[in-house]
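One structure is given here, and the rest of the page talks about it.
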């Protein structure tokens with residue numbers, strides 16, 4: 001197996017009040033799932049049981065949630081964007097989200113009740129923006145998306161195809177977030193739908209995290225038993241906080257061992273763990289990684305509060321780790337189902353395989369108690385959202 005490189009830090013940060021864990025309560029996540037089920041495009045994405053890979057790695061069970069099937073958009077992000085849009089509209093109308101569904105959101109009744117079309121602003125390196133644009137388009141609202149430099153034309157065009165105004169800017173992701181907030185402030189009846197939280201902007205990101213919870217709830221039901229380990233990737237940390245928070249609530253008395261993985265060029269959560277104070281860390285500058293969806297250097301402050309209290313280990317991974325994961329999933333062992341997993345989707349698979357097969361990670365394997373009794377849950381958060389790059393990496397043996 002290919003050799004990879006990553007750094008790791010066991011979490012020894014001081015525990016805090018845990019004031020945000022309730023955001024991801026089982027009850028809140030069930031509300032989000034009921035909302036998503038009202039969409040005619042909804043269906044559960046598969047949980048793939050990789051029995052042969054588990055055997056090869058010496059692990060009891062390895063299952064991966066394949067989000068390439070989500071709403072036909074090839075990525076999980078639409079779960080957060082659509083739920084946040086639904087919650088925002090419900091709030092504007094003074095209604096509970098349980099009374100709002102897809103049929104109402106696409107009806108003439110909504111137009112009459114709402115009065116104005118809402119413009120949803122967001123920043124993205126691909127999947128989040130496409131999900132927001134798709135939901136806004138389906139629900140007859142407007143959308144403006146800013147993308148950081150280095151974003152691919154293919155991903156830009158996919159967003160524009162959803163009737164969104166979308167541009168690639170000469171700035172990094174975090175600066176695009178600031179631009180979206182500034183431009184939205186100039187437009188009446190507009191709002192920022194962003195999956196990162198900062199002081200004064202916390203409600204909508206919490207709704208996005210709850211929307212992601214649908215994926216976690218599906219996976220928990222499909223897994224059929226308590227996972228011993230959950231590996232999840234992180235950009236700003238909203239997905240990671242959502243999954244860690246949900247499973248910490250679901251298994252309060254005996255939570256799984258949680259591992260969070262970032263790209264090394266934007267490893268703000270890992271850096272926070274290294275700092276060991278519990279305070280956030282910020283990573284800036286240009287972020288050159290094939291894991292574009294994880295290139296976010298400023299953490300979601302709501303999510304960070306959950307992660308620092310419930311994550312066992314933070315990992316900062318080089319691109320070779322996700323390339324390994326993509327190839328393992330794309331060309332599986334005989335008997336296993338193929339999972340087409342993109343650059344930001346496969347990094348946890350690469351990490352797990354490396355820990356189990358490379359002696360240099362023997363100490364980490366021991367720390368995480370990974371063995372033949374382990375039952376591991378992974379999330380492939382995107383498919384081949386850039387097909388040319390995917391083929392280059394998986395079938396062409398190239399770096400990107």
Filtering the stretch 309-322 down to residues that are crowded, with 24+ Cβ neighbours inside 10 Å and more than 12 Å from residue 234 (Cβ to Cβ) yields 321, 322
With criteria (1) outside any loop (DSSP other than H, G, I, E, B); (2) surrounded by fewer than 17 Cβ atoms within 10 Å (Cβ to Cβ); (3) not assigned by TED's automatic domain parsing to the domain that holds residue 325, residue 95 comes up short on (1)
Open item on the list: Yes or no: the stretch 215-234 includes at least one residue that is touching a strand residue (DSSP E or B) at 6+ places or on another chain (Cβ under 9 Å), crowded, with 20+ Cβ neighbours inside 10 Å, under 24 Å from residue 175 (Cβ atoms) and in the same structural domain as residue 36 (by TED's automatic domain parsing).
Closed with: yes
Note: among 183, 170, just one is assigned to a helix (DSSP H, G or I), over 30 Å from residue 249 (Cα atoms) and in the same structural domain as residue 126 (by TED's automatic domain parsing), namely 183
Looking at the structure I just gave you, is residue 350 in the same structural domain as residue 261 (by TED's automatic domain parsing), surrounded by fewer than 14 Cβ atoms within 10 Å (Cβ to Cβ) and more than 20 Å from residue 126 (Cα to Cα)? no
Reported set for the stretch 312-356 where residues are over 16 Å from the mean Cα position of the chain (by Cα), part of a loop (DSSP other than H, G, I, E, B) and within 24 Å of residue 247 (Cα to Cα) is 312, 339
Looking across the stretch 150-167 at residues that are touching a strand residue (DSSP E or B) at 6+ places or on another chain (Cβ under 6 Å) and in a loop (DSSP other than H, G, I, E, B), the single one that is nearest to residue 68 (Cα to Cα) is 151
Within the stretch 105-148, the count of residues that are more than 22 Å from the chain's Cα centre (by Cα) and either over 19 Å from residue 79 (Cβ atoms) or not assigned by TED's automatic domain parsing to the domain that holds residue 188 (or both) comes to 15
Of the candidates 122, 206, the one satisfying the condition of being part of a strand (DSSP E or B) and farther than 21 Å from residue 106 by Cα is 122
The number of residues in the stretch 369-385 that are out of contact with any strand residue (DSSP E or B) (no Cβ under 6 Å at 6 or more places or on another chain) and surrounded by fewer than 24 Cβ atoms within 10 Å (Cβ to Cβ) is 7
Residue within the stretch 180-192 that is at pLDDT 95 or above, in contact with a helix residue (DSSP H, G or I) (Cβ under 6 Å, 6 or more places away or on another chain) and closer than 16 Å to residue 298 by Cβ present: yes
### Task
Go through the residues of the stretch 263-277 one by one and say whether even a single one is surrounded by fewer than 24 Cβ atoms within 10 Å (Cβ to Cβ) and in contact with a helix residue (DSSP H, G or I) (Cβ under 7 Å, 6 or more places away or on another chain).
no
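Results for (1) touching a helix residue (DSSP H, G or I) at 6+ places or on another chain (Cβ under 6 Å); (2) within 19 Å of residue 344 (Cα to Cα), shown as yes or no for each residue.
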{"residue": "287", "(1), (2)": "yes, yes"}
{"residue": "292", "(1), (2)": "no, yes"}
{"residue": "295", "(1), (2)": "yes, yes"}
{"residue": "301", "(1), (2)": "no, no"}
{"residue": "320", "(1), (2)": "no, yes"}
{"residue": "326", "(1), (2)": "yes, yes"}
Filtering the stretch 125-149 down to residues that are outside any helix (DSSP H, G or I), over 30 Å from residue 109 (Cβ atoms), modelled with pLDDT under 95 and in contact with a helix residue (DSSP H, G or I) (Cβ under 7 Å, 6 or more places away or on another chain) yields 125, 126, 148
Note on the stretch 279-301: residues surrounded by 24 or more Cβ atoms within 10 Å (Cβ to Cβ) and outside any loop (DSSP other than H, G, I, E, B) are 292, 293, 294
Flagged pairs (Cβ under 7 angstrom, 6 or more apart or on separate chains; first in the stretch 333-356, free of Cβ contacts under 8 Å to residues at least 40 places away in the same chain; second surrounded by fewer than 24 Cβ atoms within 10 Å (Cβ to Cβ)) are 338/330; 338/332; 355/361; 355/364; 355/365; 355/370
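The values are calculated or read from the model by the stated rules, or taken from the named source; none is laboratory data. Source: prediction; values computed, not measured. When we count neighbours, we look across all protein chains shown, and the Cβ atoms used for this are built from the backbone with ideal geometry, even at glycine.
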